[in-house]
Amino acid sequence: MEQRHRARLLIADDHTLLAEACKNLLEPEFEVVGIVDNGRALLRMAGEMKPEVVILDIAMPQLNGLDAGDQIKHMLPRTKLVYLTVNMSPEVAAEAFRRGASGYVVKTSAAAELVTAIRRALKSESYLSPLITKETVDYLLRSRHHYIAEKRITRRQGEILQLLAEGKSMKEVAAILDVKPGTVAFHKYRIMETLGLKTNSELIQYALKHHLIG
């Protein structure tokens, strides 16, 4: 008898117990090819494993879920993104769909919701947790509203901003991104100038407001 194909899933969440629980929940129906605990590890493993679906959080160390998902969709356009997060902001949910998400599930939802979201994603359908007002998300998607600030910073600057906001030194950021410390210092200056920030505290507050860090 021919064995039924099981879709390949990759899970990204920095809460190990939750990630393992997700794996146990999903493995009877899907093949979980890996679990990672930060956004950069997610990019590396997604490139290697080429999963059909990635389940990821919004707030993740080193690279947040929105930016990681954005890069995955450019690298693997056919891979589906299903967000599993505590973040119930309609603005964040709209931004996730704007960047190519197929599903957005709130962690306090019933476990069956995640399975439903994955099944729909594999059919190229979308799923939004009922805990978030669909009408608001639809309005935000139709409107020209952008949750990201008007004064846009580059993708690399966003990555540096997150790492600095997480408390890493310029030397540590340089090592993670494989650039020179002087490059990080230059980008930090440009970030502060572009966003009108004057202190490290303001930089952290900006990162929190825009969900770059949890």
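The values are calculated or read from the model by the stated rules, or taken from the named source; none is laboratory data. The structure displayed is predicted, hence computed values, not measured ones. Positions of Cβ are backbone-derived with ideal geometry, glycine not excepted, and every protein chain shown enters the neighbour counts.
Points worth noting:
- Just one of the numbered conditions (1) exposed (fewer than 14 other Cβ atoms within 10 Å of the Cβ); (2) of a type in the set (Ser, Thr, Tyr); (3) touching a strand residue (DSSP E or B) at 6+ places or on another chain (Cβ under 8 Å) is not true of SER129: (1).
- Among the residues making up segment 1-17, those that are farther than 21 Å from ALA121 by Cα and under 16 Å from the mean Cα position of the chain (by Cα) are ASP14, HIS15.
- Any hit, segment 153-160, residues being surrounded by fewer than 16 Cβ atoms within 10 Å (Cβ to Cβ) and in contact with a strand residue (DSSP E or B) (Cβ under 6 Å, 6 or more places away or on another chain): no
- Single residue of LYS134, LYS151 found to be at pLDDT below 90, on the phi < 0 side of the Ramachandran plot and touching a Gly at 6+ places or on another chain (Cβ under 9 Å): LYS151
- Filter pass, SER169 being loosely packed, with under 13 Cβ neighbours inside 10 Å, at pLDDT 85 or above and under 21 Å from the mean Cα position of the chain (by Cα): no
- Residue match in segment 7-17 (condition: surrounded by fewer than 20 Cβ atoms within 10 Å (Cβ to Cβ), in contact with a helix residue (DSSP H, G or I) (Cβ under 6 Å, 6 or more places away or on another chain) and not in a helix (DSSP H, G or I)): yes
- From the list ALA59, ALA19, the lone residue that is in contact with a His (Cβ under 7 Å, 6 or more places away or on another chain), under 26 Å from ALA165 (Cα atoms) and at pLDDT below 95 is ALA59.
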